[in-house]
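**Q** There's a structure below that I have some questions on.
Derivation of every value follows stated rules applied to the coordinates shown; laboratory data play no part. Values in this document were obtained by computation on a predicted structure and should not be read as measured data. Glycine gets a Cβ as well: all are built from the backbone with ideal geometry, and neighbour counts include every protein chain shown.
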Ligand code: AHM
Ligand code: MG
């Protein structure tokens, strides 16, 4: 009797807590259960139906989605597993060498894409040379460029990181892909996107028909449409740049940043400064809220006179997304997407974001 008196209220409490959690979950979803969730796979399939195609490109995207989920899972554990944060050369308790997360991500993306018969060559920030498709696998029509884990110095301090990818059609006829397939200008991109590993994992992509964003729902393990038809505000209120490089900037860049911080700018009040130091995260914020990101040319390191960021797998895919969302990307002198690449790991000044802001920067860059 006594025991029952204790147990019934306890049971009741457990049920109440469960119900509260459930209602909290529903509330978080806007108070209703959505029974028509659009998964990323469905979105890709519908796009393919609308715009035609044999499904080769869809297969590539599906493999990128798979790789992104694998990397997201590892990133989520990175804070728990000390060794994975660390430097290569360490061993785990099984005596196996532990890989750095960026090296691991690189292998995950290569292994997800190299066997499907849709890709003829790849290039990655982590690989000095082009990545050949192994001889025992068929070669396909597409070329994939990627930065498997951008901003990886931020892993150790739990700051957002990302993957960037760009997909081209090959320009050579058949067989192994070549450097000519890799060195295509950004305006030839067939599709591009990025994944941000953050408070949630979000994949944003475009195939030239607008930009859509999908959040990974960990409870079902699928990306679901969360940011349909993203449009970048024409003008922002935020600038993002490593201002510590200011002494090494050209006069035009210095004058532009001073202008943004003054009350004489177009907004008639100073812009806010936000710099994460993780390109995907800085870009993603500006894509949704508006703003300008700058990694301009500087004279800090004579080996990198054209800035730090790479054309093929950092600047081009994000420039493609920006333009699809109504934004713009420039070196200060010409559109990023019109540059004819000359080398796999070519660096380029990157000024990207809200169109009117980037156009205004070009005026400053050109007169100085
Ligand atoms: P990484 O490719 O070695 O990770 O470097 C690229 C990153 C970008 O994510 C970020 O915009 C930039 O480097 C930050 O550089 P800095 O520390 O010079 O401001
Ligand atoms: Mg990078």
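**Q** For 203, 359, which order do you get if you count the other beta carbons within 10 Å of each Cβ and list the fewest first?
**A** So the residues, fewest neighbours to most, are 359, 203.
**Q** Just rank 246, 182, fewest to most, by other beta-carbon atoms within 10 angstrom.
**A** On the way: 246 13, 182 23.
Neighbour counts put them in this order, fewest first: 246, 182.
**Q** Quick one: angle between helix 56-78 and the longest Cα principal axis of the chain, in degrees between 0 and 90, rounded to 10, please.
**A** 70 degrees
**Q** What does the helix-only formula give at 222 nm for the chain: each DSSP H stretch with n ≥ 4 adding -39500 (n - 2.57), the total divided by the residues, and the result rounded to the nearest 500 deg cm²/dmol? Let's see the in-between values first.
**A** Numbers: 10 runs with 126 residues, N = 368.
Calculated mean residue ellipticity at 222 nm is -11000 deg cm²/dmol.
**Q** So, one more: Mind listing P(r) for the chain? All alpha-carbon pairs, 10 Å bins, whole percents.
**A** 5, 22, 30, 23, 12, 5, 2, 1, 0
**Q** Arranged by the count of other C-beta atoms within 10 angstrom, fewest first, what order do 333, 104 take? Before the final figure, lay out the partial values.
**A** Working: 333 11, 104 19.
Result, fewest neighbours first: 333, 104.
**Q** Okay, moving on. Quote the FRET efficiency, to the nearest 0.05, computed for residue 220 versus residue 56 with a Förster distance R0 of 25 Å and r equal to the Cβ-Cβ distance.
**A** Details: r = 27 Å, r/R0 = 1.07.
Using R0 = 25 Å, I get an efficiency of 0.40.
**Q** If you line up the long axis of helix 279-289 against the longest principal axis of the chain, both from Cα atoms, how many degrees apart are they, to the nearest 10?
**A** 80 degrees
**Q** If r is the Cβ-Cβ distance from residue 70 to residue 229 and R0 is 30 Å, what FRET efficiency results, to the nearest 0.05?
**A** Working: r = 28 Å, r/R0 = 0.94.
Given R0 = 30 Å and the Cβ-Cβ separation, E is 0.60.
**Q** To continue, here is another question. How much length is gained on full extension from residue 49 to residue 135, taking 0.36 nm per residue of separation minus their Cα-Cα distance? Intermediate values should be presented prior to the final figure.
**A** On the way: separation 86, 0.36 × 86 = 30.96 nm, distance 3.22 nm.
Length gained between residue 49 and residue 135: 27.7 nm.
**Q** Once the Cβ-Cβ distance between residue 289 and residue 242 is put in as r, and R0 is 30 Å, what FRET efficiency do you end up with, to the nearest 0.05? Write down the numbers at each step before the final one.
**A** Details: r = 20 Å, r/R0 = 0.65.
With a Förster radius of 30 Å, E is 0.95.
**Q** Could you work out how far helix 2-28 tilts from the main Cα principal axis of the chain, as a 0 to 90 degree angle to the nearest 10?
**A** Roughly 30 degrees, rounded to the nearest 10.
**Q** Same structure, new question: Could you calculate the contour length gain from residue 275 to residue 174, that is, 0.36 nm times the residue separation minus the distance between their Cα atoms, to one decimal place in nm?
**A** Numbers: separation 101, 0.36 × 101 = 36.36 nm, distance 4.37 nm.
The residue 275-residue 174 span can extend by a further 32.0 nm.
**Q** Report the full-extension gain for the segment residue 363 to residue 261: residue separation times 0.36 nm, less the Cα-Cα distance, to one decimal in nm. Please list the in-between numbers first.
**A** On the way: separation 102, 0.36 × 102 = 36.72 nm, distance 1.69 nm.
Here the answer is 35.0 nm.
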